[in-house]
Amino acid sequence: MNKNILGVLAASTCLSPLMAMAQTEVHFWHAFTGRLGELVAAQVDEFNASQNDYKVVQTHKGNYSETLNAGIAAFRAKEQPHILMVFEVGTATMMAAKGAIKPVYEVMAESGATFDPDAYIGSVKGYYTSTDGEMLSLPFNSSTPVLWVNRDAMSAAGVNPDTDMSTWEQVGDVLDQLKAGGEDCPLVTAWQSWIHLENFSAYHNVPFASKDNGFAGLDTELMLNGPAQVAHLSAMGNWAKDGKFIYTGRRNEGGANFRSGECALFTESSAGYAGISREAEFDFEVRPLPYWKAVASEPQNTIIGGASLWVMQGHESDEYKGVGEFLSFLSTSDVQAAWHQNTGYLPITAEAGEATRASGFYEKNPGTDIAVIQMTAKQPTANSKGLRLGSFDQIRGIIDEELEAIWSGDKSAQEAMDSAKERGDKLLRRFESANK
Amino acid sequence: MEKRVIFRGWLLPICLVAPQLIISIIFFFYPAAQAVWQSLFIPDPFGLSSQYVGLGNFEYLLGDKYYRASFLTTAVFSVLVTFCSMIPALLLAVCADRLIKSSGIYSTLLIWPYAVAPAVAGVLWMFMFNTRVGIVSWYLGQLGYDWNHVLNGGEAMGLVVIASAWGRISYNFLFFFAALQSVPKSLIEASAIDGAHFWRRFFDIVLPLITPTAFFLLVVNVVYSFFETFGVIHTITAGGPQQATTILVYKVFSDGFVGQDLGSSSAQSVILLVVVGLLTVIQFKYIEKRVHY
């Protein structure tokens with residue numbers, strides 16, 4: 001009995017490499033754990049089961065920064081994977097590394113896999129295309145900021161939970177009422193730079209950086225100290241001083257406070273849906289991100305956060321065929337619709353969005369389409385296509401520091417943003433000289 | 001007359017020191033030389049191209065007022081960490097040394113925190129002091145103190161110092177405890193008979209006898225606070241607020257591994273190397289003179 005099992009095990013161990021040899025392996029490094037990791041693994045398994053020529057091997061390499069670092073280190077050691085997941089702030093780094101990456105449009109053309117660049121949603125795709133419209137990396141998970149509302153907390157403070165909060169002017173009034181009604185935590189935010197500067201600028205159609213937010217060249221400079229941004233941050237700074245805006249940290253620390261029911265309003269990614277719907281024991285609602293009526297008569301589109309898939313140089317052409325097949329599979333409507341509904345991330349193709357609508361998902365889960373509408377209501381402008389800035393992870397660090405100075409009252413919004421521009425521009429100049 | 005064994009020839013002595021030399025060369029001299037070489041370039045992250053800039057990286061760094069400020073931050077941080085990890089350790093060691101029974105259990109318990117990795121320690125302290133849900137900050141709130149290390153630089157510094165020093169107390173305790181045990185009992189008894197009370201005996205006899213250990217720990221702790229604390233800082237404050245906790249080594253890490261700016265990162269490690277080298281020389285030259293072996 002035991003011997004038999006051992007024999008089978010031994011035989012299968014000997015055979016499995018042989019079986020794997022027949023298939024071309026495609027390595028895919030990503031940054032997802034937990035539920036998202038399971039969903040990625042399921043996508044990969046489904047692809048592997050759907051055909052016999054290629055086998056995608058997915059590996060988790062740590063968080064976004066760690067995955068990017070692992071990819072860079074692997075490239076230096078000539079051990080790079082075929083597909084690397086890179087978060088949106090690493091886009092400029094990847095794009096500048098022309099000898100390290102193989103643009104997606106090229107991979108797709110060579111592999112002959114089905115690929116229709118027009119099928120992808122413009123404001124999602126725009127972040128990852130070159131200025132002449134060629135897709136450089138495949139958008140994978142994309143989300144956009146929205147306003148989350150704790151309706152119970154609104155009622156408890158004596159504020160009508162149906163109050164219109166389309167504009168920051170209206171939100172300001174609501175915050176006054178919440179505070180007066182005894183709410184200790186009227187407003188929190190996650191990802192302050194992403195929501196209150198990067199998206200704020202796109203949403204009000206003002207530039208965040210020169211040269212079309214960096215899309216048109218490496219010699220870009222930050223323009224985040226403009227009057228619109230300063231006005232918004234001054235208002236936020238005043239709210240922070242009065243205890244109407246509570247600062248909890250640079251990342252999504254505020255999520256814990258909102259999910260526990262402690263806070264009334266929360267600006268956070270639409271992908272917060274999974275966590276909030278699971279944990280919140282109160283009546284919650286998704287609203288579009290507010291805009292300032294005084295700055296723009298109506299909002300432009302918001303921009304995305306998340307990651308895209310980059311194909312690395314230095315592999316065999318039949319392996320690239322496999323990469324093409326896999327990317328094509330990921331873009332199919334069914335895969336995308338399931339991903340969108342399971343995670344709260346945006347669908348990357350218009351077709352997947354329509355399929356989701358047709359299935360009645362949005363009626364069953366109200367508010368899940370707000371992010372899609374907010375992204376797609378308008379054709380993106382040069383200010384709202386996205387951001388393409390080198391060393392952007394570090395620039396965000398600088399912005400975080402300067403924003404903290406506003407929240408603590410150490411600096412005025414204008415001083416803080418002037419300083420952020422000066423410090424950030426230095427990093428941009430270094431990036432420019434490193435990638436000449 | 002002094003007796004000495006002298007090796008004949010060179011082969012055997014070289015073989016004997018070779019393992020140590022090889023390890024030093026591979027793991028220390030070679031990477032250090034690489035860092036010096038790389039500090040002269042601005043490379044792109046993927047190693048596809050690099051621009052020779054001479055001392056440009058150093059100029060860029062030293063022209064940055066935030067970088068210059070991080071020297072002071074580092075000095076404050078390492079002095080605080082060294083004191084906060086050595087003084088309590090000495091106190092605990094003295095107490096444990098006085099115990100007649102079960103000092104073994106106490107010392108074992110006291111050593112435990114050393115087993116906690118710095119990053120994990122950082123997360124533990126971060127949760128206790130979390131501004132909204134932390135238990136310590138809640139109690140402080142009850143006492144009327146509004147703890148907010150995400151915006152208050154002084155509090156952030158205090159928190160990273162405590163978190164960094166905490167695990168080190170165990171390590172220092174171990175050494176102090178061993179040193180105290182090796183102080184000859186006869187000396188202490190003799191002075192007790194002469195009428196010296198406990199603290200008198202401690203300062204006049206015990207402390208001078210354990211100075212070699214204290215000096216060793218001083219050097220080791222300074223090096224620790226310079227090099228090994230970035231895990232704690234990364235998990236608790238990420239260098240903030242407004243760079244209040246950005247020490248030199250954290251900046252090396254964040255520029256190199258977050259910003260992918262290997263040129264600046266290498267230049268910073270060269271500067272750090274020089275600073276720590278100078279400090280160690282100063283320690284050995286001036287403080288060691290007061291140490292009695």
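So in region B:108-144, with the set limited to residues that are over 29 Å from B:L90 (Cβ atoms) and of a type outside the set (A, V, I, L, M, F, W, C), which one is surrounded by the most Cβ atoms within 10 Å (Cβ to Cβ)?
Among them, the one singled out is B:T131.
What are the residues in region A:228-252 that are among the polar types (S, T, N, Q), touching a residue at least 12 places away in the same chain (Cβ under 8 Å) and either under 26 Å from A:T129 (Cα atoms) or not in a loop (DSSP other than H, G, I, E, B) (or both), if any?
Our first condition is that a residue be among the polar types (S, T, N, Q); within region A:228-252, this holds for A:229, A:234, A:238, A:248, A:252.
Keeping just the survivors that are touching a residue at least 12 places away in the same chain (Cβ under 8 Å) gives A:229, A:234, A:248, A:252.
Within region A:228-252, A:Q229, A:S234 meet the criteria.
Which residue is nearest to the other protein chains (Cβ to nearest Cβ), if the candidates are limited to region A:420-436 and must be within 25 Å of the chain's Cα centre (by Cα) and among the aliphatic types (A, V, I, L, M)?
Checking each candidate, the answer is A:L427.
For region A:253-270, give me each residue that is over 20 Å from A:E402 (Cβ atoms) and either assigned to a loop (DSSP other than H, G, I, E, B) or within 12 Å of chain B (Cβ to nearest Cβ) (or both). Let's see the steps before the verdict.
So in region A:253-270, the residues over 20 Å from A:E402 (Cβ atoms) come out as A:255-266, A:268-270.
Matches in region A:253-270: A:G255, A:A256, A:N257, A:F258, A:R259, A:S260, A:G261, A:E262, A:C263, A:A264.
State which residue is nearest to A:I303 (Cα to Cα) when the search covers only region A:90-102 and only residues that are more than 10 Å from chain B (Cβ to nearest Cβ) and not in a strand (DSSP E or B). Steps first, answer last, please.
Initial filter on region A:90-102 (more than 10 Å from chain B (Cβ to nearest Cβ)): A:91-92, A:95, A:102.
Keeping just the survivors that are not in a strand (DSSP E or B) gives A:91-92, A:95.
On the way: A:T91: 14, A:A92: 16, A:M95: 19 Å.
In this case the residue turns out to be A:T91.
For region A:11-66: of the residues being closer than 17 Å to A:T343 by Cα and of a type in the set (D, E, K, R), which is modelled with the highest pLDDT?
Across region A:11-66, the extreme among qualifying residues is A:E38.
What about A:A337, is it small (G, A, S), in a helix (DSSP H, G or I), over 18 Å from A:G305 (Cα atoms) and more than 14 Å from chain B (Cβ to nearest Cβ)?
yes
Among the numbered criteria (1) in a loop (DSSP other than H, G, I, E, B); (2) more than 14 Å from chain B (Cβ to nearest Cβ), which single criterion is violated by A:Y273?
If we test A:Y273 against (1) in a loop (DSSP other than H, G, I, E, B); (2) more than 14 Å from chain B (Cβ to nearest Cβ), just (1) comes out false.
Can you tell me which residue is nearest to A:V323 (Cα to Cα) among those in region A:34-66 that are within 14 Å of chain B (Cβ to nearest Cβ) and among the charged types (D, E, K, R)?
The qualifying residue nearest to A:V323 (Cα to Cα) is A:K61.
Hey, B:R132 hits all of (1) more than 27 Å from A:D410 (Cβ to Cβ); (2) over 27 Å from the mean Cα position of the chain (by Cα); (3) at pLDDT below 85 but one; which does it fall short on?
Unmet condition: (1).
Consider region B:158-174. How many of its residues are in contact with a Gly (Cβ under 8 Å, 6 or more places away or on another chain) and among the basic types (K, R)?
The qualifying residues number 0.
Does region A:406-419 hold any residues that are surrounded by 22 or more Cβ atoms within 10 Å (Cβ to Cβ), within 11 Å of chain B (Cβ to nearest Cβ) and either at positive phi or of a type outside the set (V, I, T) (or both), and which are they? Write out each step before concluding.
Initial filter on region A:406-419 (surrounded by 22 or more Cβ atoms within 10 Å (Cβ to Cβ)): A:406-407, A:413, A:416-417.
If we keep only those that are within 11 Å of chain B (Cβ to nearest Cβ) too, we end up with A:406-407, A:416.
Matches in region A:406-419: A:W407, A:A416.
Within region A:277-291, how many residues turn out to be part of a helix (DSSP H, G or I) and either under 18 Å from A:W168 (Cα atoms) or in contact with a Lys or Arg (Cβ under 6 Å, 6 or more places away or on another chain) (or both)?
Of the residues in that region, 1 qualify.
If we only count helices (runs of 4 or more DSSP H) wholly inside region B:185-293, which ones have 3 or more residues that are closer than 30 Å to A:A74 by Cβ, away from chain A (no Cβ under 14 Å) and aliphatic (A, V, I, L, M)?
B:262-282
Each row is one residue, and each column tells you yes or no for (1) in contact with a helix residue (DSSP H, G or I) (Cβ under 6 Å, 6 or more places away or on another chain); (2) among the β-branched types (V, I, T); (3) touching a residue at least 60 places away in the same chain (Cβ under 8 Å).
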| position | (1), (2), (3) |
| --- | --- |
| B:C95 | no, no, no |
| B:R98 | no, no, no |
| B:S107 | yes, no, yes |
| B:Y114 | yes, no, yes |
| B:N130 | no, no, no |
| B:L143 | no, no, no |
| B:A156 | no, no, yes |
| B:N172 | yes, no, yes |
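When both residues are 6+ apart or on different chains and their Cβ atoms are under 8 Å apart, which pairs have a first residue that lies in region B:57-76 and is more than 12 Å from B:T245 (Cα to Cα), and a second that is surrounded by fewer than 13 Cβ atoms within 10 Å (Cβ to Cβ)?
Close Cβ pairs (under 8 Å, with a partner that is surrounded by fewer than 13 Cβ atoms within 10 Å (Cβ to Cβ)) amount to B:L62/B:R68.
Based on what the data block shows, is A:N69 within 14 Å of another protein chain (Cβ to nearest Cβ), surrounded by fewer than 21 Cβ atoms within 10 Å (Cβ to Cβ) and touching a helix residue (DSSP H, G or I) at 6+ places or on another chain (Cβ under 8 Å)? Break it down stepwise before answering.
Values: within 14 Å of another protein chain (Cβ to nearest Cβ): yes; surrounded by fewer than 21 Cβ atoms within 10 Å (Cβ to Cβ): yes; touching a helix residue (DSSP H, G or I) at 6+ places or on another chain (Cβ under 8 Å): yes.
Criteria met by A:N69.
For residues that are assigned to a loop (DSSP other than H, G, I, E, B) and in contact (Cβ under 8 Å) with a residue 12 or more places away in the chain, scanning just region A:103-117, find the one that is farthest from A:L138 (Cα to Cα). Walk me through how you get there before you give the answer.
From region A:103-117, those assigned to a loop (DSSP other than H, G, I, E, B) are A:103, A:112-116; that's our starting set.
Then drop every residue that is not in contact (Cβ under 8 Å) with a residue 12 or more places away in the chain, which leaves A:103, A:112-115.
Details: A:P103: 9, A:G112: 16, A:A113: 14, A:T114: 14, A:F115: 11 Å.
Once the filter is applied, the top-ranked residue is A:G112.
Out of curiosity, is A:E183 touching a residue at least 40 places away in the same chain (Cβ under 8 Å), closer than 23 Å to A:S142 by Cβ, crowded, with 19+ Cβ neighbours inside 10 Å and of a type in the set (D, E, K, R)?
no
Applying the selection to region A:126-144, what residues are part of a strand (DSSP E or B) and under 16 Å from A:G306 (Cα atoms)?
A:T129, A:L138, A:P139, A:F140, A:N141, A:S142, A:S143
How do the helices (runs of 4 or more DSSP H) wholly within region B:39-149 filter down when requiring 1 or more residues that are away from chain A (no Cβ under 14 Å) and either hydrophobic (A, V, I, L, M, F, W, C) or closer than 26 Å to A:D393 by Cα (or both): which remain?
In region B:39-149, the matching helices (runs of 4 or more DSSP H) lie at B:65-98, B:103-111, B:118-128, B:135-142.
Does region A:137-150 contain any residue that is within 28 Å of A:Y64 (Cβ to Cβ), without any contact (Cβ under 8 Å) to a residue 60 or more places away in the chain and away from every other protein chain (no Cβ under 14 Å)?
Scanning region A:137-150, I find no residue that is within 28 Å of A:Y64 (Cβ to Cβ), without any contact (Cβ under 8 Å) to a residue 60 or more places away in the chain and away from every other protein chain (no Cβ under 14 Å), so the answer is no.
So, in region A:163-200, of the ones that are of a type in the set (F, W, Y) and either part of a helix (DSSP H, G or I) or over 27 Å from the mean Cα position of the chain (by Cα) (or both), which residue ends up farthest from A:G306 (Cα to Cα)?
Kept after step one, since they are of a type in the set (F, W, Y), are these residues of region A:163-200: A:168, A:191, A:194, A:200.
Okay, now just the ones that are also either part of a helix (DSSP H, G or I) or over 27 Å from the mean Cα position of the chain (by Cα) (or both), so A:168, A:194, A:200.
Working: A:W168: 25, A:W194: 11, A:F200: 17 Å.
Ranking the candidates gives A:W168 first.
May I ask you to list the residues in region A:383-405 that are facing chain B (nearest Cβ under 10 Å), crowded, with 24+ Cβ neighbours inside 10 Å and of a type in the set (S, T, N, Q)?
The answer is A:S391, and nothing else.
Residues B:A156, B:A179, B:A163: which one is modelled with pLDDT of 90 or more, within 14 Å of chain A (Cβ to nearest Cβ) and crowded, with 20+ Cβ neighbours inside 10 Å? Working first, answer last.
Numbers: B:A179 fails: within 14 Å of chain A (Cβ to nearest Cβ); B:A163 fails: within 14 Å of chain A (Cβ to nearest Cβ).
Within the list B:A156, B:A179, B:A163, the selection yields B:A156.
Residue under question is A:S123, and the condition is that it be in a helix (DSSP H, G or I) and either without any contact (Cβ under 8 Å) to a residue 24 or more places away in the chain or within 14 Å of chain B (Cβ to nearest Cβ) (or both); does it hold?
Judged against the criteria, A:S123 is not a match.
Determine which member of the set A:N160, A:N225, A:N205 is more than 21 Å from A:A264 (Cα to Cα), in a loop (DSSP other than H, G, I, E, B), over 23 Å from the mean Cα position of the chain (by Cα) and not assigned by TED's automatic domain parsing to the domain that holds A:T131.
That would be A:N225, the only listed residue that is more than 21 Å from A:A264 (Cα to Cα), in a loop (DSSP other than H, G, I, E, B), over 23 Å from the mean Cα position of the chain (by Cα) and not assigned by TED's automatic domain parsing to the domain that holds A:T131.
The values are calculated or read from the model by the stated rules, or taken from the named source; none is laboratory data. What you are looking at is a predicted structure, and each value in this text was computed from that prediction instead of being measured. Glycine also receives a Cβ, built like all others from the backbone with ideal geometry; neighbour counts cover every protein chain displayed.
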